[in-house]
Amino acid sequence: MSRVLGRVSALLAAVCLLLLPAAQAPRAEAAAAGPGAEAAVAGTGVGAAALDPFTGYLMAHFTGESATGEQVYLAHSRDGLTWRDLNNGAPVLLSTIGTRGVRDPALVRSPAGDRYWIVATDLRIASGTSWNDAANRGSTSLVVWESRDLVNWSTPWLINVAGGIPGAGNAWAPEVVYNQATGDYVVYWATNSARNGVTKHRIWYVRTADFRSFTAPQLYIERPGGGQGIIDTQIIEVPDSVGGYRYYRASADGHITIEASNSILGSWTTLGNLSHLGISNGTGGGNVVEGPMWMQFNGRNEWALYLDQYATGRGYLPITSTNLGSVTNFRTRSDFHMGAGRKRHGSILNLTAAEESRVLARWPSNAPVHRIQAYTHQDRYVRHANYDVRIDANVNPAQDAQFRVVPGLAGNAGYVSFESVNYPGQYLRHYGFDFVLAANDGSAVFAADATFRQVPGLANSGWSSFQSYNYPDRYLRHYDYQLRLDPITDTQGRNDATFRLTS
């Protein structure tokens, strides 16, 4: 379809959204305008309505069972095959609730493109939890974050999706797909529980409109036989039903089984598995993988299915197809690069130019790490300690005094915010004119409290001072070694409000 027709379709969709009741507007979908203009959001299957053409890709993932590996990481790609770690390979979001670890993040966009969520497994093996305990006595909740712009995220919350399943031992590997038929989201995941005398992992689902309230859990996928469970499954929506179906799902159930349907909650047709490529989930031997992750290439009818080669520790491998209606169309790719860090079970979001610009501005390539040196006590640096903020010498651990200077959260040009290196997603902010290190809650108040204008140093123009965004008559300064936000009226104040950004 031509670009003009695509734009007209998008405009008509936007008008329809305005005419719908507020509760329904975010859930309407525009008519298909061709690949790239309104492709399904790969990795989540959430239809992207009235969006500009896609220009890049964003992957959310975790890395493994290291001290910080079970948190949310992001990577960016322009071609869908070559990936670069964002935030210099450090986690972008840290879970502060539940088990204080997350795995298997699902990245979700609303149909209107005005809201985003990350939904993840509440699990931290690195804390010493055994797999047996995690599967049988683990968390039955999922962790959720919300964002309006894909770069500033709320504090996380828990949704106890599996609490209503008798004998539920866990809630693992969540995924999300928008269902036009019901006007809400289907959240599905794996729970280990007894059913008909057999305990194993099955896929369950709930429906939700806001990721806070949800329906009672319903059984979604159960493989026959006493022992064959299923943990990982992911659905992608395909525009124009290429291959004969609207939805395709890949499941790790001993094989990597490919199924298709025209209804998310209806019946599914088994198309086959990937054994002809020497790929299985264990039953078929060969290259043993898990964590299937879908992606549509921007601007064309071609799809990638990323598979986590967990058995050999080699991370993701993409296989690609131009027709998902037959498993024989898949081929293994070797022309890919996954970036510096290992990537485990996650999801991929196709990005519009505006989204891509925000993401790359927020996490630029090789963003430098700074310390904030005091002018009056040049052996001391701004640091956080138990979430309080002060200036200290000989900071240990050193990362407590390291910050990334990022564009101001309040969004004004020429302003900056200070993000902690070892607590990504947490910023220096003033609260009652005292300074603390706090997680960005996504509010306008937080953004304003954490935003400053960098100006020539009040005591030495070769250094810097930092003027408050929402209290422009006040500046960041230290007093009795504590960081404060004060009016500056004398020489001592000018000295105390002067700092230097150093490496």
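The values are calculated or read from the model by the stated rules, or taken from the named source; none is laboratory data. Note that this is a predicted model, so its numbers are computed, not measured. Heads up, the Cβs are rebuilt from the backbone with ideal geometry, glycines too, and the neighbour counts pull from every protein chain shown. For the accessible areas, the whole protein counts, side chains as well, though only heavy atoms, and no ligand, DNA or RNA atoms are used. Shrake-Rupley method; radii C 1.70, N 1.55, O 1.52, S 1.80 Å.
Descriptive notes on the structure:
- Among residues of region 131-143 being open to solvent by 10 Å² or more (accessible area, probe 1.4 Å) and under 14 Å from V102 (Cα atoms), the one that is nearest to the chain's Cα centre (by Cα) is S141.
- Test for G56: is it in a strand (DSSP E or B) and at pLDDT below 95: yes
- Filter result for Y471 (open to solvent by 20 Å² or more (accessible area, probe 1.4 Å) and not in a strand (DSSP E or B)): yes
- Hits in region 326-351 (condition: surrounded by 18 or more Cβ atoms within 10 Å (Cβ to Cβ), modelled with pLDDT of 95 or more and either within 18 Å of the chain's Cα centre (by Cα) or not aromatic (F, W, Y) (or both)): V327, G346, S347, I348, L349, N350, L351
- Among (1) surrounded by fewer than 23 Cβ atoms within 10 Å (Cβ to Cβ); (2) in a loop (DSSP other than H, G, I, E, B); (3) of a type outside the set (S, T, Y) - the single one H76 does not satisfy: (2)
- Filtered residue count, region 114-130, keeping only those that are part of a loop (DSSP other than H, G, I, E, B) and surrounded by 19 or more Cβ atoms within 10 Å (Cβ to Cβ): 2
- Qualifying positions in region 89-112 - farther than 22 Å from D308 by Cα and open to solvent by 20 Å² or more (accessible area, probe 1.4 Å): L94, T96, I97, G98, T99, R100, A112
- Test: residue in region 277-284 that is within 28 Å of the chain's Cα centre (by Cα) and hydroxyl-bearing (S, T, Y): yes
- Subset of region 275-297 [open to solvent by 20 Å² or more (accessible area, probe 1.4 Å), under 16 Å from S321 (Cβ atoms) and of a type outside the set (A, V, I, L, M, F, W, C)]: S275, H276
- F403 within 30 Å of Q71 (Cβ to Cβ), touching a residue at least 40 places away in the same chain (Cβ under 8 Å), in contact with a strand residue (DSSP E or B) (Cβ under 6 Å, 6 or more places away or on another chain) and crowded, with 18+ Cβ neighbours inside 10 Å: no
- Strands (runs of 3 or more DSSP E) completely within region 385-447 that count 2 or more residues being modelled with pLDDT of 90 or more: 388-392, 415-420, 426-431, 434-439
- The single condition among (1) surrounded by 13 or more Cβ atoms within 10 Å (Cβ to Cβ); (2) within 37 Å of the chain's Cα centre (by Cα); (3) under 22 Å from R371 (Cα atoms); (4) of a type outside the set (V, I, T) that S503 does not satisfy is (1).
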